[in-house]
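Report on one structure; see the data block that follows.
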Amino acid sequence: MTLTLRGRLETRLLLGMFIGLPCGVCVACAWRWGTEPAKAASPACFAVLVMIVLGLCWEPVYHAISTARPDQDWPALFALCAIAIEAVPLWFVLHGLGWNGGGEPLGCFLASVGAAGAAMWLVAQGPLRVLLLRWRLTGGQCIGCWWDTGRHGK
Amino acid sequence: MFTHELPDHVVCDESDLRGLRSERVELLAVGGGLACFSLIDLLRVCGVPTSALAVLGRSVDPAENFRRLALHSGIGPNDRLRSDSAARVDNVWGFPGYALSEARSRRRLRPLGTVLGEPLISEYYTPRAGAVYAGIAREAARIGWARMHRRGLAHAVRPHVDGDLVVFAADADGDPVALRARYVHLGLGHAGLGLSAPLRDYREHVDASERVVHGYEAHEHVYRRLRTRGGTAVVTGAGITAARVVERLLSERGPGPEPLRVVHVVRPNPTRRAAVATAGDPWRRQAFSFPKSAAGGPLAWRIATCTQPAERAALLAAAGAASAPVRREWSSQLADARQEGSYRPVVGTVTTTDPSADGRARVRIATDGGIFEVCADAVIECTGLHPDPRSHPLIDDLLTTGLARTNASGRLAVDESFEVREARLGAGRLYATGALTAGNALGPVDSFWGLQAAAVRVVDDLARLGFTERLGVRRSTRAWLRWVLGNPP
């Protein structure tokens, strides 16, 4: 699967909001079972939202790397490794923003960000193609498709 | 054989159909191969009933032609095709891919590991041909393909005054019939085998098919003879078929009276000249027939948005140039054979082929260094299938009557929705997908992925015309669940 830059950004936003965010929050709540749900959910929610925003900044970098590859592709392993690579600067950014993970920063970070990233990766590897039939045919574009835009005079 | 006289005017009326057995459906797919299968499958997935659809083709098995060509080029049911796991021709969503299905059926995780590691840790996962055929057969049964199939051969498509399109065809008994439809789809594939002029001449005048064969023809006798007696084989071409044939020939080397040698002739271009001069390897390595990014990625976008026909043709020619897959095992076989002197690449063009004094085929190759002559026990042409759309009588008729035109690549011109715009004279619509439509807005049109991508565009256009519902999130998910459960659409 290869993505265009627009496809990357749309996919990141869509998966982040509809898959990453609920999964991250649910896993963080489950990990801190017994804590008041709002207390467990809000730091997780914040961490995943920052992850999505930072992810949008990472995508142009990934796009440049994939364009330099012979097939201009983006292997599944790259996408998986990207989760781990992104986690390091995300951790520092969250700290810089005064985030403390509800008192347990490392556990909350791993539960929310790890679960969100893994779920997003898994869904992108297959189930997303079922929900959005044209997604894999349009370089990851989620809204509209190339042949529907009317730019070719149809 | 079609015996009815075709109307001499472009738009036909009832008087032109007099005396012909006639049938009307909403959509008729002409060809009956995988291009038709991809479109009909998607229409059935969208909920179009079988009564509204018909397929006209020689064989009721949509994979028959593909299977025959693959088998002749050396790909049996247990061999792997050069195709991606997600390019699943029996599943428009591409999920689960062939790798996941293989892992499930064999109860092994290895296929999934291959997909995860490709192309960094492992080579690309490619599906077994047998699994592809089994999937097609299963899906054909699910969508009621046999009920929609009409055995016959189409000869011409003409618009009717009432807005329909009429397909003039010969049925299974050779009787002329007229099949009317509001929408007609052409999925005719390649017109035939592309045999070069010197080899065609040799076959016509000297030897029908003993020594000079095409890679897509049955040529097991060539391997048998070379295995037992040895000798020299000339292989022309630089694509996947040539790669497969060279691999097979090199694996047939044995203790014969004469060693088996392969002379591999590739057409000259600067890259090949340099590659042969430096590494002795003329092959251009690429995982699939087009770079991965031509399947929906940045390259696909560039091709789709390229407005200059000549520029697009050049872009497509460069991206889809003949290439061989990246396979370590095969590369090392080639390197060993080169060292032993069993494999010799020659950059040049076959100019003449005639019989030698000892009954073999004398092949003359024009190279940069002059004429290179080889007395061959076998010549295997692997330069592909016939690209000229005029070789199809039906396309020839369309081009002659002005109902179609060719694009800058010399193939059938279609728009972004794969519609043949010149044929739009009324409410009827003529679409074409597959190999015929190379050189348009989509790169790998005759790959599994390309057939499905084209089918989606056609179906989206049909949805705009009100023929079917557009496959949105809910409808797509419901249809996929039916596919998983094996329920009819």
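The values are calculated or read from the model by the stated rules, or taken from the named source; none is laboratory data. Everything numeric in this text was worked out from a predicted model, so none of it was measured. With ideal geometry, Cβ positions are generated from the backbone for all residues, glycine too; neighbour counts draw on all protein chains shown. Accessible surface is based on the protein model in full, side chains and every heavy atom, while ligands, DNA and RNA are left aside. Shrake-Rupley method; radii C 1.70, N 1.55, O 1.52, S 1.80 Å.
Okay, here's what the table says:
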item	result
Coarse-grained scattering of segment B:332-489 at q = 0.12, 0.13 Å⁻¹, given as base-10 log I(q)/I(0) from a Debye sum over alpha-carbon atoms	-0.79, -0.84
Reciprocal of mean inverse Cα separation for chain A (Kirkwood radius, Å)	16.3
The protein assembly as shown, accessible surface, carbon-and-sulfur percent (1.4 angstrom probe)	57
Using alpha-carbon coordinates, inclination of helix A:21-31 to the longest axis of chain A, degrees	30
Mean residue ellipticity (222 nm) of chain B, computed from DSSP H runs ≥ 4 via -39,500 (n - 2.57), nearest 500	-10500 deg cm²/dmol
For B:Gly144, distant residues with modelled amide H under 5 Å away	none
Ordering of B:436-447, B:415-426 by packing [mean C-beta count within 10 Å, highest first]	B:436-447, B:415-426
Built amide H within the under 5 Å cut-off of B:Val55, gap 5+	B:Ala29, B:His149, B:Arg150
Shielding by partners - mean other protein chain Cβ count within 10 Å, residues of B:449-458	3
Tensor-based shape of the protein assembly as shown (alpha-carbon gyration tensor, a/c under 1.5 rounded, otherwise prolate or oblate)	oblate
Accessible area buried, both sides summed, chains B and A with 1.4 Å probe, Å²	3500
B:Val263 accessible area, 1.4 Å probe, all protein chains in place, Å² to nearest 10	10
Segment B:76-130, dipole about Cα centre (Lys/Arg Cβ +1, Asp/Glu Cβ -1), debye to the nearest 20	260
Ranked packing of A:59-72, B:176-189, most packed first, by mean Cβ within 10 Å	B:176-189, A:59-72
Per residue, in Å², the accessible surface of segment B:437-489 once ligands and nucleic acids are set aside, probe 1.4 Å	40
Dipole of segment B:21-119, positive end: most advanced residue of B:Thr114, B:Val30, B:Leu56 [Cβ charges, Cα centre]	B:Thr114
Antiparallel bridge percentage (DSSP; both residues within the protein assembly as shown; nearest 5)	45
Contact order normalised by residue count of chain B, Cα under 8 Å, 6+ apart, percent	20
Over chain A, relative contact order from alpha-carbon pairs under 8 Å, at least 6 apart, %	42
Delta accessible area of at least 40 Å² on complex formation, residues of segment B:463-483, 1.4 Å probe, chain isolated as reference	B:Arg464, B:Arg470, B:Leu471, B:Val473
Minimum 50 Å² accessible area buried by the other protein chains, segment B:291-320 residues, probe 1.4 Å, relative to alone	B:Lys292, B:Gly296, B:Pro298, B:Trp301
